[in-house]
Amino acid sequence: MNAKARTFRFVSSYPTYSLILVFALTISILMFLLFYVWDTYRNYRDTQEYFHLTELTGNISNLDDMLTMAAKMAVSSGDLKWENRYRNYEIELDNAIDEAVVVEAKLSIGKSMSKVDESNRKLCEITNRAFKLIHAGQLDAASYLLNNEEYESHKKRYRNGVDCRCNLFNSVPVFLLVGLVFFII
């Protein structure tokens with residue numbers, strides 16, 4: 001009777017152990033899948049932010065070229081329509097840089113856009129002084145301000161900040177492809 005009793009207890013408890021094991025395994029797999037989905041979503045969201053920052057960096061570069069051209073045309077021609085054009089795009093550039101600084105800080109990928117912002121403010125100060133000289137009829141002094149070493153130094157720091165951000169973006173697609181391959185698998 002002892003052998004029958006032990007066999008009966010083992011058989012009667014076997015479904016309970018099996019159910020507990022299956023339940024624990026199911027919960028473990030579910031937890032893993034939830035973590036995987038959460039991590040994939042987070043990577044997707046960060047990728048969208050990277051693309052947005054890439055777009056902003058391109059806009060900043062284009063707006064900077066337009067502002068530089070407008071300021072130098074105003075100095076060379078003395079025509080104030082170039083100053084008006086400069087003023088129209090100056091606000092747009094400031095907004096794009098401010099947004100890029102916020103996105104860059106959110107992604108924790110450096111402070112190159114902060115350096116761009118700082119250089120842009122100094123460039124704007126120099127350009128505003130040049131516009132005052134244009135209004136006073138001193139085109140040669142204004143031309144000197146926009147072509148001297150200080151202006152070019154700030155312009156170089158500005159370009160280095162934008163280029164630093166662009167170099168980071170050139171390396172991002174490799175990580176995106178690796179993430180995409182793991183997502184598909």
Asp140, Asp39, Asp117 arranged by Cβ crowding within 10 Å, fewest neighbours leading: Asp140, Asp39, Asp117
Proximal lysines to Lys155, defined as alpha-carbon separation beneath 21 angstrom and excluding residues fewer than eight positions away on the same chain: Lys72, Lys111, Lys115, Lys122, Lys132
Student exercise, the stretch 77-118 dipole from Lys, Arg, Asp, Glu Cβ charges, in Debye to nearest 20: 100 debye
Contour excess over end-to-end distance, with Cα ends at Arg45 and Asn88 and 0.36 nm allotted per residue: 12.2 nm
Distance (nanometres) between label positions extended 7 Å along Cα→Cβ at His135 and Asn62: 3.1 nm
Likely footprinting exposure, Val37, Val101, Val162, fewest C-beta neighbours within 10 Å first: Val37, Val101, Val162
Extension gain, Met73 back to Ser153 (0.36 nm per residue minus Cα-Cα distance, nm): 26.8 nm
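Only the coordinates and a few stated rules stand behind these numbers; no lab work does. Keep in mind that what you see is a predicted model, and the values were worked out from it rather than measured. So basically every Cβ, Gly included, is an ideal-geometry build from the backbone, and we count neighbours across all protein chains shown.
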